[in-house]
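For reference, the structure discussed in these notes is given below.
The values are calculated or read from the model by the stated rules, or taken from the named source; none is laboratory data. The structure presented is a predicted model; accordingly, all values stated were derived computationally and were not measured. A quick note on method: Cβ atoms are made from the backbone with ideal geometry, for glycine too, and the neighbour counts reach across all protein chains shown.
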Amino acid sequence: MAYDGRHGDGVTATDCDAHQHRRNLKRARDSSENLDSISSLPDVLIQQILSFLPTKIAMRTSVLSRRWRHVWPNTPSLSFDFIGLRNIRNPADFINETLSRYTARKMMRFHLDSYHVRDCPPHDMNQWIEFAMSRNAENLSLYLSYTNSHGCIPHSFYANSSLKQLKLRSCNYLVTRCSVSWTSLKKLSLHYCNISEESFAKILCGCPILKILKLYCPTQPRVLDLSKSPRLRVLKIERKYVWVTGATHIVAPHIRYLRLANSRLPCTLVDVSSLTEAKLDIFFSRVKQELKADFLQVMVLEILEKLKNVQKLTFGENFLKILSLVELRGVSLPIFKVQVLTLRTTISQYVIHGIVRVLQNSPQLKKLTLLNSSKRGLIPVCSP
């Protein structure tokens, strides 16, 4: 009997192929919809995702579909980096146009980086900062070049109750005549900002609930008095370059954590009586003169005397080199109450004597961690 191409139920092979084709199309359509499942998310979630992108990239999502056209203008974050805008003929016009289309009434974060730009109009920068202030930005970071920082900080910047985190770089004309009122500010970072003692005092006075203070390579006041900042818990100071001037006497009776990475500059801990954790290191190439070695020895010994009751200590490699020099000279070290000790160094003849003396003078030590410093980072070697 000849085969007519039918199955037992009367369906031909052609019908089966067509049915299978329709199933494949449906499967492909469902798969495509799954790939774009992010579009089914609520606007607020999509805007939160876009807030992690540079604003220039977030704006490109508007071409995806009508659904995406009006999503980015309501993101809670704006980020402008002039390096990322280098392919745009006039970055200032681009930022002005972007801000004119921004619709969110509340801004969580505003980031502006014009550090590598020499001719950005101060008037425009003034307006951008005022715009962020008008949207009650909580997290503000301004990276300005030295040539752009003059005259671009509006007066409204100094009276703001919304700011919670503030990071400034190369802002050298801060608080010349204004008083400061940052009543909600909890975290302040100053990078390469040369601020007068009077201005710094105004800043501290205007931040009643400040918890974290970071100072990177500033011209610091001769006396860094933080005694009137009762909620301050974290202090980080980095003075890596020899051109940074000024001796510093640190009065910080309320801080619990200290990170001090100092260059070969006088630094005295006057009052750190509440300290529980400290990380210390010194930046220098090599000690060539006996006078410099004597100075560093005295400074390190004075610092250690103030830290002998601290529970957690971290010493960097150069700091340990000075301690080894102290040990070789027969100078005694204080007895420490440290319980957790971290040494960031490679083991060598230049640090071993300091390490041995610190261990001998730490009778309450419970945990020792050795971190091998290298160009690729810090590698944990042992943690008994």
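Of all residues in the stretch 114-147, exactly one satisfies the criterion of being touching a Lys or Arg at 6+ places or on another chain (Cβ under 7 Å), of a type in the set (F, W, Y) and at pLDDT below 75, namely Y115.
With respect to L190, is the statement that it is closer than 21 Å to D271 by Cα and surrounded by 18 or more Cβ atoms within 10 Å (Cβ to Cβ) true? Spelling it out, it is not the case that L190 is closer than 21 Å to D271 by Cα and surrounded by 18 or more Cβ atoms within 10 Å (Cβ to Cβ). Within the stretch 158-193, the set of residues being assigned to a loop (DSSP other than H, G, I, E, B) and closer than 16 Å to E138 by Cβ comprises N160, S161, S162, L163, K164, W182, T183, S184, L185, K186. The residue that is farthest from L368 (Cα to Cα), counting only those in the stretch 291-338 that are outside any helix (DSSP H, G or I) and aliphatic (A, V, I, L, M), is V331.
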